[in-house]
Amino acid sequence: MKLVVVSAGLSAPSSTRLLADRLAAATRGHVDARTEVIELRELATEIAQHLVTGFPPARLAAALDAVAAADGLIAVTPVFAASYSGLFKSFFDLIDKDALTGKPVLLGATGGTARHSLVTEHAMRPLFTHLRALVLPTAVYAASEDWGGEGLERRIARAGAELARFAAPAAEAAAPDLGTAAAIAPRSLTGAVTSVDPADGFTVVPFEQRLAALRAG
């Protein structure tokens, strides 16, 4: 499996790259993957040239080809003005309109405060949905105070397992233990989505019975 990681961090080192690396490591924990990291800050000049001239320099062309050829994609951006960075958007503006069709994409973002935690939903998810990518259910946002916390590590682990499941379905046979971080929420005996795994055993209470209990109370 070929895994491509796009990081739009502007500094070195950066929390954006750190999150990208941890998401990649979480994915490789479930599937054997060759990983290529694309640092957009190193391609900023080439991206601007391509936007103006319409012709990508060699390094940028190789990066665009790598994204198109990936089995799975991790895309991580810092938050600027409550959205993804201009560098991040400029790069994906150059992607061929069909390059991401059906491709599993794991979204990540970093910011200084938890107030921007919905950036993955109101900005990033619509962008990749427009590109017809298969955007994974779990996106990971890391604020400054999240680093070192168990909550962030759990989200990273879940997201990595989801990407492994979608990008390499055959990998389940080689690495069957994906733990509780299944890509698709388990369903109850009635078919409804639930956070409880039916394999663990539980009792389904009919809605009419619940309603009767409420009336009696």
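The values are calculated or read from the model by the stated rules, or taken from the named source; none is laboratory data. The shown structure was predicted, so the numbers you read here are calculated from the model rather than taken from an experiment. Note: ideal-geometry Cβ built from the backbone for every residue, glycine included; neighbour counts use all protein chains shown. These accessible areas exclude ligands, DNA and RNA; they are computed on the full protein's heavy atoms, side chains included. Shrake-Rupley method; radii C 1.70, N 1.55, O 1.52, S 1.80 Å.
List of remarks:
- Simple rule: put +1 on each Lys or Arg Cβ and -1 on each Asp or Glu Cβ in region 10-77, find the dipole, and look at Ile38, Ala62, Leu18; the Cα lying farthest toward the positive end is Leu18.
- Between amide H atoms placed 1.01 Å from N, distances below 5 Å from Val135 occur with Val105, all of them 5 or more places distant or on a separate chain.
- Residue-normalised accessible area of region 18-102, expressed per residue, 1.4 Å probe, Å²: 46 Å²
- The gain in end-to-end length when the Ala48 to Lys89 segment is fully stretched comes to 13.6 nm, 0.36 nm per residue minus the alpha carbon separation.
- Heavy-atom accessible area ranking, 1.4 Å probe, most first, across Glu46, Glu162: Glu46, Glu162
- In this structure, the amide hydrogen of Ala142, modeled 1.01 Å from its nitrogen in the peptide plane, lies closer than 5 angstrom to those of Ala109, Thr110, Gly111, counting only residues at least 5 positions away or on a different chain.
- In this structure, Leu118 and Ser144 have a Cβ-Cβ separation that, at R0 = 22 Å, corresponds to a calculated FRET efficiency of about 0.85.
- Its Cα centre serving as origin, region 26-110 has a Cβ charge dipole (Lys and Arg +1, Asp and Glu -1) of approximately 160 debye.
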